[in-house]
1. Here are Pro38, Pro5, Pro90: which of them is within 30 Å of Pro141 (Cβ to Cβ) and part of a loop (DSSP other than H, G, I, E, B)?
2. Would you check if there is a residue in the range 148-165 being part of a loop (DSSP other than H, G, I, E, B), out of contact with any Ser or Thr (no Cβ under 8 Å at 6 or more places or on another chain) and among the charged types (D, E, K, R)?
3. I'd like the full set of residues that are more than 16 Å from Leu107 (Cβ to Cβ) and surrounded by fewer than 17 Cβ atoms within 10 Å (Cβ to Cβ), limited to the range 144-168.
4. Starting from the range 103-126, take each residue that is β-branched (Val, Ile, Thr) and list its partners that are assigned to a strand (DSSP E or B), counting only C-beta distances under 6 angstrom and pairs at least six apart or across chains.
5. Out of contact with any strand residue (DSSP E or B) (no Cβ under 7 Å at 6 or more places or on another chain), over 25 Å from Leu96 (Cβ atoms) and either part of a helix (DSSP H, G or I) or at pLDDT below 80 (or both): is that true of Ile31 in this structure?
6. Report the residue count in the range 125-143 for those that are part of a loop (DSSP other than H, G, I, E, B) and either crowded, with 17+ Cβ neighbours inside 10 Å or in contact with a helix residue (DSSP H, G or I) (Cβ under 7 Å, 6 or more places away or on another chain) (or both).
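The values are calculated or read from the model by the stated rules, or taken from the named source; none is laboratory data. Small disclaimer: the values here were computed from a predicted structure and weren't measured. When we count neighbours, we look across all protein chains shown, and the Cβ atoms used for this are built from the backbone with ideal geometry, even at glycine.
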Amino acid sequence: MSITPVPPGWWKMPLHKEEKIWISIALIWCIAITIAMPAWHFVGQQNSSQEYYTISAEDYNTLAEDFMEKYKTGTETAGDWEWDVVTPPPGSDIFLRGMQWKWDPILKLKKGETYRLHLSSIDVLHGLSIHPLNMNFEAVPGWDYVLTITPTQAKEYRIICNEFCGADHHGMIGKIIVE
C-alpha cells in the first residue's frame, strides 16, 4: 500500500463543482438557523416565563412549608417517602420544591385554571421533567423560578428529575393531579 503525498499548495487548488454546492448549502443552512433561533424565541408559544428571583434555600423551604400547611388536603405514601397533597385555589401562587430525592408536594390543580408555579431546589441542582408532556425546567438552589401554568387536560402527571442529583436520583419522583 502506498500513500500519496499531499501536493504542496493544495489549498490554492480550485474547488470542484460538488464541493461548491455542498459548501453553499451548508452556509445557507447555517445562516437560516442562526436567524430562525432568535426569531422563534419571540414568535414561538413554547417559551417559558422570564420571571425569577433570588432567594435562599432556607427561605424558599419556609415558603413551601407554609404553602403546604395552608392548603394540605391529605398525604400519599410510596416506599419510604410521604408527600403532602395540596389543593390550592385557582389563581394562587403554588410551590414545588426539589430535594434529594423527591418533588414535594403533590399538587391537585383544576383544569382550565391558571396558577403561578414557583419552582426551586433546597439542596442541589435538579431537573424538572413533567410526563407525558415535553416540559423540562431546572430547579436551582437560590433561585425561585416562576411559571404561569394553565392545565388543559384532566389527568395525573408524573414528575421526574432529569439532572443527576445523587445516589437515589433514579427514584426521584413527584406528581401533579389535574381534576
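1. Pro90
2. Scanning the range 148-165 turns up at least one residue that is part of a loop (DSSP other than H, G, I, E, B), out of contact with any Ser or Thr (no Cβ under 8 Å at 6 or more places or on another chain) and among the charged types (D, E, K, R).
3. Asn162, Phe164, Gly166, Ala167, Asp168, listed by residue number.
4. Final answer for the pair search is Ile106/Glu76; Ile106/Trp83; Ile106/Val85; Ile106/Lys175; Ile122/Arg97; Ile122/Met99.
5. yes
6. Within the range 125-143, residues that are part of a loop (DSSP other than H, G, I, E, B) and either crowded, with 17+ Cβ neighbours inside 10 Å or in contact with a helix residue (DSSP H, G or I) (Cβ under 7 Å, 6 or more places away or on another chain) (or both) number 3.
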